[in-house]
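The next block holds one structure in the form of structure tokens; read it before the comments.
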Amino acid sequence: MTTIVISDDHPLFRDALAAAVRRVAPGAKIREAASLAKTRAHLAETPAALVLLDLHMDDSDGFAGLVGIQHDFPAVPVAVVSASDSAGVIARAIGFGAAGFIPKASGLETICAALDAILGGAVWTPPGFDPTAADAETDETAARLATLTPAQVRVLLGLRRGRLNKQIAYDMGITEATVKAHVTAIFRKLGVLNRTQAVLAADVLDVDPDTVTDGA
């Protein structure tokens, strides 16, 4: 049986997505999650044909949640469903490996068409989306960030919050030496020379500054 995970912290929108899933894939098993942690737990328990992922859940850290799922569950397509639907956000979502981007303002028919295309193996973006509107430098940074492991992403997020290596080690339950090794790998993968440059590169993980903050 096909399993589809709906990951959104708003029950009413989960209901709307579930209604669309039932129209497109009536035999699918729907699993709901109100957090990124619960989404990952579902994926660890049962293989899924698709994840519909909101970027604004409390534990998502912007695009970091998408990057982590892509790394740990590479066989599972992830479609982003978000109210932040500027060309730059859509382009970054696709750059981070999303199988599609569905704006939350979409009507039921559009959502159904998107689900049908994505389940059929296509990458779906909203009609009228112009990929050339995205910034090339941002695209390159997003591609580099997508190579980080989930642990490296967590370390990078710690750097963004101004945490010291020993504080990051405590937060993650690892040694300070391991954090230093992660920092070295992050610098190499991002092509940066210091923590300041790494933090600037990590800004690409934000969806938008009004909804995802350094302290979130």
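Which order do you get for Thr196, Thr3, Thr110 if you rank them by accessible area with a 1.4 Å probe, largest at the top?
Reading off the accessible areas and sorting them downward yields Thr196, Thr110, Thr3.
Mind checking Rg over Rh on the chain, alpha carbons, Kirkwood formula for Rh?
0.98
Rounded to the nearest percent, how much of the accessible area of the range 1-79 (1.4 Å probe, protein heavy atoms only) is carbon and sulfur?
Of all accessible area on the range 1-79, carbon and sulfur atoms account for 56 percent.
Mind checking the angle between helix 176-190 and the chain's longest principal axis? C-alpha axes, 0 to 90 degrees, to the nearest 10.
70
Using only the heavy atoms of the protein chains and a 1.4 Å probe, how would Met1, Met57, Met172 rank by accessible area, largest first?
The ordering from most to least exposed comes out as Met1, Met172, Met57.
Return one whole number: the accessible area per residue of the chain in Å², for a 1.4 Å probe.
That works out to 46 Å² for each residue.
Against the longest principal axis of the chain, how steep is helix 11-24, in degrees 0 to 90 to the nearest 10, with axes from Cα atoms?
In the chain, helix 11-24 runs at an angle near 50 degrees to the longest axis.
Between the helical axis of 36-45 and the dominant principal axis of the chain, each derived from Cα atoms, what acute angle in degrees is found, rounded to the nearest 10?
Tilt of helix 36-45: around 70 degrees.
When a/c is below 1.5 the answer is rounded, else prolate if a/b is larger than b/c, else oblate, so apply that to the range 1-80 with a ≥ b ≥ c taken from the square roots of the Cα gyration tensor eigenvalues.
oblate
Would you mind telling me the share, in percent, of accessible area of the range 151-210 contributed by carbon and sulfur at probe 1.4 angstrom?
After summing per-atom areas, the C and S share lands at 55 percent.
How high is the relative contact order of the range 67-169? Use alpha-carbon pairs under 8 Å, at least six apart in sequence, and give a whole percent.
29
Relative contact order, percent, of the chain when contacts are C-alpha pairs under 8 Å separated by at least 6 residues?
Relative contact order of the chain: 18 percent.
For the range 84-131, which whole percent of the accessible surface, found with a 1.4 angstrom probe, sits on carbon and sulfur atoms?
55
According to a simple spin-label model (label point 7 Å from Cα along Cα-to-Cβ), what is the distance in nm between Ala105 and Ala122?
Placing both labels 7 Å along Cα→Cβ, they lie 2.3 nm apart.
Can you return the lysines within cross-link range of Lys189? Criterion is Cα-Cα under 19 Å, with same-chain partners fewer than 8 residues away left out.
Lys180
Rounded to the nearest 500, what is the 222 nm mean residue ellipticity of the chain from helices alone, with -39500 (n - 2.57) per DSSP H run of 4+ residues and division by all residues?
After summing the helix terms and dividing by the residues of the chain, the value is -14500 deg cm²/dmol.
Leaving ligands, DNA and RNA out of it, rank Lys104, Lys29 by accessible area with a 1.4 Å probe, largest first.
So the residues, ranked largest to smallest area, are Lys29, Lys104.
Report the normalised scattering of the range 8-52 as log10 I(q)/I(0) at q = 0.30, 0.34 Å⁻¹, calculated by the Debye formula with identical scatterers on the alpha carbons.
With no solvent term, the Cα-only Debye profile gives -1.19, -1.27.
The values are calculated or read from the model by the stated rules, or taken from the named source; none is laboratory data. Owing to the predicted nature of the structure, the values given are computational and were not obtained by experimental measurement. Positions of Cβ are generated from backbone atoms using ideal geometry, with glycine treated the same way; all protein chains shown enter the neighbour counts. With ligands, DNA and RNA removed, areas are computed over all heavy atoms of the protein, side chains included. Shrake-Rupley method; radii C 1.70, N 1.55, O 1.52, S 1.80 Å.
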